[in-house]
Structures are given as C-alpha cells and as structure tokens.
Amino acid sequence: MTRETFYITTPIYYPSGQLHIGNSYTTVAADAMARYHRLRGKDVYFLTGMDEHGQKIQQTAESEGMTPQAYVDKMAVGVKALWKILDISYDGFIRTTDAHHVASVQAIVQKLYDQGDIYKGVYEGLYCTPCESFWTPAQAPDHLCPDCGRELHKTDEDCYFFRLSHYQKPLEELFSSGTFVLPSSSANEMIRNFLEPGLDDLAITRTAFDWGIPAPFDPAHVVYVWVDALCNYITALGYPDEPELFNRYWPADVHLVGKDIIRFHSLIWPALLMALGVPVPKCIFSHGWLLFGGGKMSKSKGNIIDPIVLVDRYGVDAIRYFLLREVPFGSDGNFSNQALIERINSDLANDLGNLVSRTAAMVVKTFPNGIPDERLEEKIDVELDDLADKTLKIVDSHLEKLEFSLALEAIWALIGQCNKYIDLTTPWILARDEADHSRLAAVLYTLSDNLRRISVMISPFMTRTPALIRDRLGILETENVTWASAAKRDLYVANPNVYKGSAIFPRIDMEKELEALEEYTP
Ligand code: ME8
C-alpha cells in the first residue's frame with residue numbers, strides 16, 4: 001500500500017546576511033509539521049534552501065570583495081550549520097545555483113516562451129532591490145516600497161514579460177476556494193490589493209546585472225530572481241527531466257511563507273504553474289512577523305537576534321518551544337528576552353521539568369525495582385487518562401490548521417493537570433503506608449504512562465526533551481514513539497532503570513540573564 005504523502009516547504013532564504021530568528025521561525029514551524037506527519041506515518045518531503053541569485057546578492061558579494069559564487073558558497077555553510085543547530089530535519093536543501101535547478105529553470109522559461117506566454121518589451125517603473133520587487137508608480141506614489149518602506153529606484157530596461165494578466169480569471173477562481181491562501185485575512189488582502197485592481201503582466205528578465213540564470217531565448221537577460229526562486233519548489237523534485245520525486249510529492253501540501261512574500265507565492269507562482277500545465281499547490285500559509293522593539297526583524301535593518309546565541313544559552317528545545325508557543329501562528333508578535341526567559345522558567349522548568357523530576361524521584365525512592373503490578377486504580381487516574389485522550393485529539397485538530405500555539409497550550413494543560421494530580425493524590429502520604437503500596441503504584445504508573453504520552457505529543461516541537469523524558473523513565477527508545485502510541489493507555493512498561501537525574505530545564509535568574517543578554521541584543 002502506498003503511504004499518504006506530505007510535502008512542505010519553507011521560503012528559500014537570501015544569504016545576503018546571517019539568517020536570524022525570523023527565518024528560524026518559519027523553518028522551525030515547517031520542521032514541526034514535517035515531524036508531526038512523519039510520526040503519523042506519512043511519507044514526508046520537507047524542502048528548504050537558499051535563493052542565491054539577484055542584484056542584492058551580487059552587490060553584497062561585491063561589497064565583501066568576493067565573487068557571488070564564492071560568497072554564496074561561504075554563506076551556505078553557515079545556513080546549513082544553523083539548521084543543524086536547530087535540529088531541522090529537512091529532506092531536501094536546494095540552492096538556486098545548483099546546476100540541475102539552473103537547467104530546469106531554463107527549460108521552464110523556454111517552454112513559456114515557445115508557447116507565447118513570454119513576450120519582449122521595455123520595463124519602465126520602480127524597483128526595490130532589498131525585496132527584489134517591481135512596483136508601478138500607482139502602487140508606490142511616494143516611491144517607497146509598500147512592503148519594506150525603503151526607497152525605490154527607477155528602472156528602465158529592455159526585458160521580457162510574462163502574461164500574468166491572462167491568468168486573472170483562473171486566479172480569481174483559485175482564491176474563491178477559500179483555502180488556497182491561509183489565513184483568510186491574507187487571501188483577502190491579495191484580492192483587495194492585487195486581483196481587484198487587475199493584474200499587470202510581469203517583467204521576468206533583467207539586464208542591469210548578470211548574477212542570475214541566463215534566459216535561453218536571449219542570454220543577455222537573466223531570469224528575474226523571483227521566477228528563478230519560486231521554481232525551486234518543483235525543480236527540487238526533479239521537474240521537468242527527472243520527475244520521480246515530482247510525481248510522488250507534487251502538488252505541495254503547504255508552502256509556508258512569511259506574509260511579506262505572500263504576493264509572489266499566491267499570484268505569480270500559481271500563474272506560472274497554470275501556464276506550465278502543472279497543478280497548483282494545495283495551500284500557501286502565511287505567518288506573521290517576529291517584531292523586535294516594535295519593528296520587523298530583518299537582515300537589512302540589522303535588528304536581528306542570533307538564534308545560535310540563544311540555543312547556546314538555553315538549548316534548542318527551549319527556543320523551538322518559545323517560537324511556536326509564544327505567538328499565535330499567523331499573527332505578528334514581539335520577541336523579547338524577558339518573554340523567552342519567563343516561558344523557560346514557567347512552562348519548561350516549572351511545569352514540565354518539575355513533573356518529570358517529581359515522578360522519577362518518587363519512583364526511584366519507593367520502587368527502585370520498578371513499579372509493581374499490584375495497582376489499585378481509582379476514578380481520578382482514569383480521568384487523567386481521559387484528558388490525555390482528549391488532548392491528543394485537540395492537538396491533531398490544531399496541527400491540521402498549523403495552530404502551533406494552541407496545540408502546545410493543550411499539551412501544557414495536560415501537564416498542568418498531571419501536576420495537580422500529584423497534589424491531589426499525595427503520593428508522599430501514600431508512601432507512608434508500608435503494608436500496602438498498591439495505591440501508590442497506581443498513581444506513579446498513571447504519571448509515568450502519561451509522561452510517556454506527553455513525550456510523544458511534544459515530539460513535533462521539541463527534538464531532545466522527549467528522549468530525555470523516556471530515558472528518565474526507563475522507556476526504551478524503540479518503544480512507543482509513534483503518534484498512534486500517544487493515543488494508547490498503559491503502554492508504559494515498569495522497569496528498574498528509572499533515575500532522577502539533574503533538572504531537564506534549569507531555572508534561570510531573570511535579572512542576571514537579562515543583563516548578560518544585553519551584549520547580544522540590538
Ligand atoms: O524573501 N518574522 O527571502 P528572505 C517572521 N528569497 N518571519 C521572518 C522574519 C520575521 N521578522 N524575517 C524573515 C525571501 N522571516 C526570498 C524567498 S521563496 C521562493 C523566496 C522569514 O531571506 C519569513 O518566512 O528575505 C519570510 O517570508 C522569509 O523569512 C523571507 O526570507
């Protein structure tokens with residue numbers, strides 16, 4: 001039987017500066033979805049990569065006294081190292097300078113040219129180099145980029161145009177499904193700002209610089225960097241010449257993007273695919289911005305937070321948890337060191353960390369040979385198991401909609417209930433009854449089994465903690481780690497290998513830490 005597939009992508013990032021916590025945000029979110037669907041047994045392909053052509057990269061390389069190729073090669077090492085630090089489990093990493101991508105993009109634009117979707121003209125208008133985007137004077141009357149607010153410069157170049165306007169109607173129909181672009185506020189913005197005023201044809205070649213893919217029908221032109229970049233989602237799967245992966249995974253289930261680039265993904269990309277006769281992706285999901293001090297964090301503004309410093313200080317799971325828990329996915333949210341430390345202290349050290357330590361310590365102390373089989377179960381135990389069943393269903397329904405923060409909130413409600421269960425069942429008092437430990441055994445078994453289930457539920461989000469929890473409780477790594485196992489009760493196998501160990505998430509001294517972080521904060 002062939003397994004159901006799941007293809008998820010991140011934007012391919014510009015290596016025009018070090019990647020920051022904003023780029024990490026999208027990539028961690030995509031990674032959580034990929035891990036979730038793998039745990040559910042799907043055949044997952046998770047693609048990320050780098051967008052290495054264009055005027056901005058050429059200028060940056062020049063300013064560093066390097067050739068663009070040497071520059072992007074150097075940056076690729078850093079990007080891959082960052083994803084390793086953040087435990088990003090990508091299946092494919094595309095670079096737009098890869099030879100197969102270059103050849104595929106040339107085949108794509110040649111096909112569009114041959115079938116009459118591309119024609120020659122002159123582009124007179126405005127251009128934003130940091131965003132690599134064209135604007136008409138009507139769209140940007142003050143000559144400031146409507147996306148990033150920076151100054152636009154006038155461009156007057158021979159170029160080739162793609163007949164984007166031909167796809168106005170099919171795009172309107174696509175948007176009418178209501179699920180192509182999510183959240184719907186993003187879809188409505190695209191309809192209002194671009195579809196309703198009517199689409200213009202799109203300049204898709206440049207001649208002002210040469211760091212790009214030469215257009216095969218006129219090699220003095222390079223392909224516009226957004227057309228080059230968008231094609232990565234299919235060229236990475238071998239389109240058009242080696243379509244094995246393409247046939248297996250396309251159309252993509254989700255292109256995950258920040259709201260800054262939803263326009264390119266929801267209008268230009270489907271139109272290009274329609275022109276190629278290729279199905280469009282199932283969904284483009286646009287998330288909000290991480291703000292710092294009220295402004296969007298970005299490479300070119302320099303107000304960036306370095307994820308490597310954070311992982312170094314707090315560990316990868318704390319950062320992944322914070323990114324997905326703090327801000328509802330889809331909305332903008334502020335990043336602050338204080339909020340991060342608060343989350344670590346309350347959710348991780350206090351709620352989850354304490355639950356693990358308390359449970360392991362009580363098991364070790366009272367049942368060093370493992371929790372015995374004689375267990376006296378009570379209603380309150382079953383109620384906790386019921387809550388775990390319910391929690392899993394809630395998590396599933398939120399993750400289907402990429403509602404990471406709500407999924408985590410539900411898991412933390414279960415963790416909170418486990419802590420409350422300890423207070424209500426008072427195992428330290430039960431331990432005093434030396435003649436009969438059957439009630440204590442049931443309580444500690446219930447806690448251990450629910451921690452086993454929690455360790456699975458947090459696995460899409462956190463990459464190290466689940467194994468640490470299982471190790472503390474003596475659960476073999478090979479046992480019970482599919483998503484389905486989180487739905488089952490009483491899979492925990494009592495054993496003598498439980499140990500208390502040190503705190504999984506040590507508490508942080510807020511005041512001292514905020515002071516120490518100043519050095520790394522813009
Ligand atoms: O746009 N908050 O690359 P890019 C949240 N190469 N997400 C953020 C963010 C922030 N402050 N800053 C960046 C490009 N991002 C193109 C993409 S795809 C075919 C080509 C994330 O390096 C977010 O996902 O400017 C945003 O869309 C992306 O990084 C932009 O990355």
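The values are calculated or read from the model by the stated rules, or taken from the named source; none is laboratory data. This one's a predicted model, so the numbers in the text were calculated from it and none came from an experiment. Cβ coordinates were reconstructed from backbone atoms using ideal geometry, including for glycine residues, and neighbour counts include every protein chain displayed.
Which condition number in (1) crowded, with 24+ Cβ neighbours inside 10 Å; (2) touching a Phe, Trp or Tyr at 6+ places or on another chain (Cβ under 7 Å) is the one that Gln55 fails?
(1)
Given the criteria free of Cβ contacts under 8 Å to residues at least 40 places away in the same chain and within 21 Å of Gln58 (Cα to Cα), does Asp156 qualify?
yes
Within segment 214-251, restricting attention to residues that are within 16 Å of the ligand (Cβ to nearest atom) and over 16 Å from Leu112 (Cα atoms), which residue is surrounded by the fewest Cβ atoms within 10 Å (Cβ to Cβ)?
Pro251
Where residues in segment 142-180 are part of a loop (DSSP other than H, G, I, E, B) and within 23 Å of Leu276 (Cα to Cα), which of them is modelled with the lowest pLDDT?
Ser177
Every residue in segment 1-13 that is more than 9 Å from the ligand (Cβ to nearest atom), more than 19 Å from Lys401 (Cβ to Cβ) and not aliphatic (A, V, I, L, M), please.
Selection gives Thr2, Arg3, Thr5.
So which of Gly65, Gly41, Gly78 ends up being surrounded by fewer than 17 Cβ atoms within 10 Å (Cβ to Cβ) and closer than 29 Å to Gly294 by Cβ?
Answer to the check: Gly78.
Restricting the search to segment 1-31, which residues are touching a Pro at 6+ places or on another chain (Cβ under 8 Å), modelled with pLDDT of 95 or more and either surrounded by fewer than 22 Cβ atoms within 10 Å (Cβ to Cβ) or among the β-branched types (Val, Ile, Thr) (or both)?
Thr26, the sole residue that qualifies.
Check Ile94, Ile118, Ile108 and return the single one that is within 23 Å of the chain's Cα centre (by Cα) and of a type in the set (A, V, I, L, M).
Ile94
Looking at (1) more than 12 Å from the ligand (Cβ to nearest atom); (2) crowded, with 21+ Cβ neighbours inside 10 Å, which is the one condition that is false for Val327?
Answer for Val327: the failing condition is (1).
Among (1) in a loop (DSSP other than H, G, I, E, B); (2) out of contact with any helix residue (DSSP H, G or I) (no Cβ under 8 Å at 6 or more places or on another chain); (3) buried (at least 17 other Cβ atoms within 10 Å of the Cβ), where does Ala441 come up short?
(1)
Give segment 286-302 a look and list any residue that's at pLDDT below 70, surrounded by 19 or more Cβ atoms within 10 Å (Cβ to Cβ) and either touching a strand residue (DSSP E or B) at 6+ places or on another chain (Cβ under 6 Å) or at positive phi (or both), or say none.
Met297
Enumerate the pairs (first residue in segment 120-147 and in contact (Cβ under 8 Å) with a residue 12 or more places away in the chain; second residue anywhere and more than 16 Å from the ligand (Cβ to nearest atom) and among the basic types (Lys, Arg)) with beta-carbon separation below 9 Å, excluding pairs fewer than 6 apart on the same chain, so at least 6 apart or on different chains.
These pairs meet every condition: Glu124/Lys154; Gly125/Lys154; Leu126/Lys154; Tyr127/Lys154; His143/Lys154.
Only one residue in Glu383, Glu400, Glu377 is without any contact (Cβ under 8 Å) to a residue 60 or more places away in the chain and either under 25 Å from Arg439 (Cβ atoms) or of a type in the set (A, V, I, L, M) (or both). Which one?
That would be Glu383, the only listed residue that is without any contact (Cβ under 8 Å) to a residue 60 or more places away in the chain and either under 25 Å from Arg439 (Cβ atoms) or of a type in the set (A, V, I, L, M) (or both).
Among the residues of segment 313-320, are any crowded, with 18+ Cβ neighbours inside 10 Å and within 9 Å of the ligand (Cβ to nearest atom)?
No.
Quick one: which residue in Ser16, Ser24 is in contact (Cβ under 8 Å) with a residue 24 or more places away in the chain, near the ligand (Cβ under 9 Å from one of its atoms) and assigned to a loop (DSSP other than H, G, I, E, B)?
Answer to the selection: Ser16.
A quick yes/no check of all residues on (1) more than 22 Å from Ile469 (Cα to Cα); (2) of a type in the set (S, T, N, Q); (3) in a helix (DSSP H, G or I):
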position	(1), (2), (3)
Arg325	no, no, yes
Ser346	no, yes, yes
Asn350	no, yes, yes
Val356	no, no, yes
Ala360	no, no, yes
Pro372	no, no, no
Leu387	no, no, yes
Ser397	yes, yes, yes
Leu408	no, no, yes
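Which one of Ala318, Ala236, Ala271, Ala215 is among the small types (Gly, Ala, Ser) and within 18 Å of the chain's Cα centre (by Cα)?
Ala318
If we scan segment 185-205, do we find a residue that is within 27 Å of the chain's Cα centre (by Cα), within 16 Å of the ligand (Cβ to nearest atom) and not in a helix (DSSP H, G or I)?
No: zero hits.
If I ask for residues that are within 16 Å of the ligand (Cβ to nearest atom) and out of contact with any strand residue (DSSP E or B) (no Cβ under 6 Å at 6 or more places or on another chain), which ones from segment 30-45 would you list?
Of everything in segment 30-45, those that are within 16 Å of the ligand (Cβ to nearest atom) and out of contact with any strand residue (DSSP E or B) (no Cβ under 6 Å at 6 or more places or on another chain) turn out to be Asp31, Ala32.
Residue by residue through segment 469-522, note down the ones that are exposed (fewer than 13 other Cβ atoms within 10 Å of the Cβ) and of a type in the set (Lys, Arg).
Listed by number, the list holds a single entry, Lys512.
Please work out which one of (1) more than 24 Å from Thr205 (Cα to Cα); (2) in a helix (DSSP H, G or I) is the condition Phe93 fails and give its number.
(2)
Looking at (1) touching a helix residue (DSSP H, G or I) at 6+ places or on another chain (Cβ under 6 Å); (2) within 15 Å of the ligand (Cβ to nearest atom), find the lone condition where Leu291 falls short.
So Leu291 meets the others, but not (1).
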